[in-house]
Amino acid sequence: MLDGKKTLFSGMQATGNLTLGNYLGALKNWVNISDDYQTFFSVVDMHSITVRQDPAELRKRARTLLTLYIAAGLDPEKNCIYYQSHVTGHAELAWILNCFTYMGELSRMTQFKDKSAKHADNINAGLFTYPVLMAADILLYQADVVPVGIDQMQHLELTRDIAIRFNNIYGDVFTVPEAYIGKAGAKIMSLQEPSKKMSKSDENPNGSIYLMDDPDTIIRKFKRAVTDSEACVRYCDEQPGIKNLIDIYCACTGKTAAETEKEFDGKGYGDFKLAVGEAVVSVLKPLQDRFADLSGNKDYIDGVIKGNAEKAQYFCNKTLRKVQKKVGFPERIR
Ligand code: TYM
């Protein structure tokens, strides 16, 4: 508990172009609930290098992502927005937690299995221990709440297991975090293959809406979205394409699935797809405009980067010193 508020941590990888899934599953919820918490939002660039990156491109994407956090509505005066690689505590705690995590646990992680299948020529140790770094991110700040999409739940469960294991040995060191999953949009699927999640790394650009897509592109992608031959806007597992479009519509408009079914009762898929596209444009356009303004303000963004990294380091050192003492590292001499 800091300043009488519970603590919230979340992060996003600076890899690929951010999608509507990242926005509706995570970023939008961050903004909605941030006022109720002491918050830390990290651009997790250390996670990104588990897959080979072009250095200049990674730097550029990291800055874009950090700027997007602010454009989405997170005020950096109130929310600690920073680059993971600027705060040394993440790597330091990750090492310690590695020694409290089992190989068997890590081999069961579905993201590891997926990514190692995709990058068979580079199954590095970092890819394997990635969830431990994620646990360190969260536990460093004693986070009570971690808003994520459903795909991160397995990593969050592991974080909880590691925290509980550590606490059982050394006493109450870590807060055991809870996931926060939004009411709508927690798992946005590909527009082309509704059985697959919408992903930054999808090879088919028509499957994903990117946060920087212009309105025409967004509408065109929704018009092309894969549906079915039922010709009925109904929220059910048998119609995965339509179900996904309803999820997107609800997450953008705040309506429920039942209200949406009623609104489009008797109307064709063409009308519905257009309405979903327009709802998405009305959510993304203001974000894109704010992003364009902020990107031109280099000094302001530089100030955020510097000031918030120092703040994050200060908070994480508190946990780190405690953990280092618990595991038996010698005291520092001042
Ligand atoms: P990442 O960068 O893949 O995704 C960032 C956030 O977006 C959510 N998300 C989605 N939500 C709904 N539908 C989708 N199709 C979709 N795709 C992505 C993710 O669930 C996530 O919340 N390992 C994390 C980053 C991370 C992290 C952390 C998160 C590192 N340390 C500590 C929370 C706390 C990741 O790769 O997310």
Of (1) within 13 Å of the ligand (Cβ to nearest atom); (2) out of contact with any Cys (no Cβ under 8 Å at 6 or more places or on another chain); (3) on the phi > 0 side of the Ramachandran plot; (4) among the small types (Gly, Ala, Ser), Gly171 satisfies all except one. Which?
(1)
Looking at (1) in a helix (DSSP H, G or I); (2) more than 16 Å from the ligand (Cβ to nearest atom); (3) surrounded by fewer than 16 Cβ atoms within 10 Å (Cβ to Cβ), can you tell me which one Asn122 breaks?
(1)
Among all residue pairs at least 6 apart or on different chains, which show Cβ distances below 7 Å where the first residue, located in the range 258-273, is more than 14 Å from Leu245 (Cα to Cα) and the second is at pLDDT below 95?
none
Based on this model, can you work out whether Phe166 counts as part of a helix (DSSP H, G or I), among the aromatic types (Phe, Trp, Tyr) and under 29 Å from Arg290 (Cα atoms)?
no
Scanning the range 79-94 for residues that are touching a Phe, Trp or Tyr at 6+ places or on another chain (Cβ under 8 Å) and either free of Cβ contacts under 8 Å to residues at least 40 places away in the same chain or closer than 10 Å to Ala309 by Cα (or both) gives Cys80, Ile81, Tyr82
Considering the range 83-118, residues that are assigned to a loop (DSSP other than H, G, I, E, B) and within 14 Å of the ligand (Cβ to nearest atom), and then whichever is surrounded by the fewest Cβ atoms within 10 Å (Cβ to Cβ), we arrive at Met109
Filter pass, Ile150 being in contact with a Lys or Arg (Cβ under 9 Å, 6 or more places away or on another chain), touching a residue at least 60 places away in the same chain (Cβ under 8 Å) and more than 30 Å from Gly268 (Cα to Cα)
yes
The range 126-153 - residue that is within 7 Å of the ligand (Cβ to nearest atom) and charged (D, E, K, R) and, of those, surrounded by the fewest Cβ atoms within 10 Å (Cβ to Cβ):
Asp151
The range 178-210 - residue that is among the acidic types (Asp, Glu) and part of a loop (DSSP other than H, G, I, E, B) and, of those, farthest from the ligand (Cβ to nearest atom):
Glu203
Condition first: closer than 24 Å to Met189 by Cα and of a type in the set (Phe, Trp, Tyr). Can you find one or more residues in the range 16-28 that meet it?
yes
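The values are calculated or read from the model by the stated rules, or taken from the named source; none is laboratory data. Note that this is a predicted model, so its numbers are computed, not measured. Quick reminder, even Gly has a Cβ in these numbers, built from the backbone with ideal geometry, and neighbours come from all protein chains shown.
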